[in-house]
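Written out below as structure tokens is the structure these notes cover.
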Amino acid sequence: QAQLVESGGGSVQAGGSLRLACVVSRELYTSNYMGWFRRAPGQGREGVALIYRGESTVYADSVKDRFTISQDNVKKTVYLQMDSLKPEDTAMYYCAAVYLNMGPSADLLENWARTRLGTWGQGTQVTVSS
């Protein structure tokens with residue numbers, strides 16, 4: 001029933017790594033944007049990373065050089081590899097999919113987080129301890 005299903009969250013110590021996975025259902029195969037977002041307690045939604053047409057990527061400054069978004073078109077799965085995790089990365093992480101008639105940009109990632117366009121998963125919790 002669910003069109004996006006996240007997994008891979010858990011508890012790790014600062015400096016550790018996690019890989020999140022998002023399995024995409026057939027109904028969303030026409031999406032040209034896939035993204036990862038997060039919400040920490042008491043905070044709004046933050047755009048973490050997006051991948052456009054399975055190739056072009058955009059990252060939030062806070063995760064640049066630590067996180068990597070990728071897409072496997074055979075497994076129909078989007079990944080978020082998270083390295084060098086920090087306590088401030090603690091949040092619920094969500095996968096999302098949407099079709100938009102524009103090219104990728106940092107502003108698009110931010111606006112997508114704000115407007116919550118498209119289809120969103122239920123989320124997976126990531127907790128990083130110091």
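For the reader, a short list of remarks on this structure follows.
- Just so you know, the Rg over Rh for the chain is 0.93, from Cα atoms, with Rh as the Kirkwood radius.
- Count Lys and Arg as plus one, Asp and Glu as minus one, and take only other residues whose Cβ is under 10 Å from that of R39; the net charge is then +1.
- Positive minus negative residues near Q3 (Lys, Arg vs Asp, Glu; Cβ under 10 Å): 0
- Derived scalar couplings between HN and Hα for the stretch 12-23 equal 9, 7, 3, x, x, 10, 9, 10, 8, 10, 10, 8 Hz in order, rounded to whole Hz, by the Karplus curve 6.51 cos²θ - 1.76 cosθ + 1.60 (θ = phi - 60°), x for Gly and Pro.
- Helix 106-115 and the longest principal axis of the C-alpha atoms of the chain enclose an angle of approximately 90°.
- Normalised per residue, the accessible area of the chain is 54 Å², obtained with a 1.4 Å probe and no contribution from ligands, DNA or RNA.
- T90 long-range amide H proximity, modeled H, under 5 Å: V128
- Listed residues E88, E6, E55 arranged by accessible area, highest first, probe 1.4 Å: E55, E88, E6
- For the chain, share of DSSP beta bridges that run antiparallel, in % to the nearest 5: 90
- Surface share of carbon and sulfur [accessible, 1.4 angstrom probe, percent] for the stretch 10-130: 45
- Net charge dipole size for the chain [Lys, Arg +1 and Asp, Glu -1 on Cβ; Debye, nearest 20]: 260
- Model label points for D72 and Q1, set 7 angstrom from Cα along the Cα-to-Cβ axis, are 2.7 nm apart.
- Placing unit charges on the Cβ atoms of the charged side chains and taking the dipole of the chain about its Cα centre, the candidate lying farthest along the positive direction among L28, G15, N111 is L28.
- Lysines with Cα under 16 Å of K64, excluding same-chain neighbours fewer than 8 positions away: K86
The values are calculated or read from the model by the stated rules, or taken from the named source; none is laboratory data. Computed from a predicted structure; not experimentally measured. Glycine gets a Cβ as well: all are built from the backbone with ideal geometry, and neighbour counts include every protein chain shown. Just so you know, the surface numbers come from the protein's heavy atoms only, side chains and all, with ligands and any DNA or RNA stripped out. Shrake-Rupley method; radii C 1.70, N 1.55, O 1.52, S 1.80 Å.
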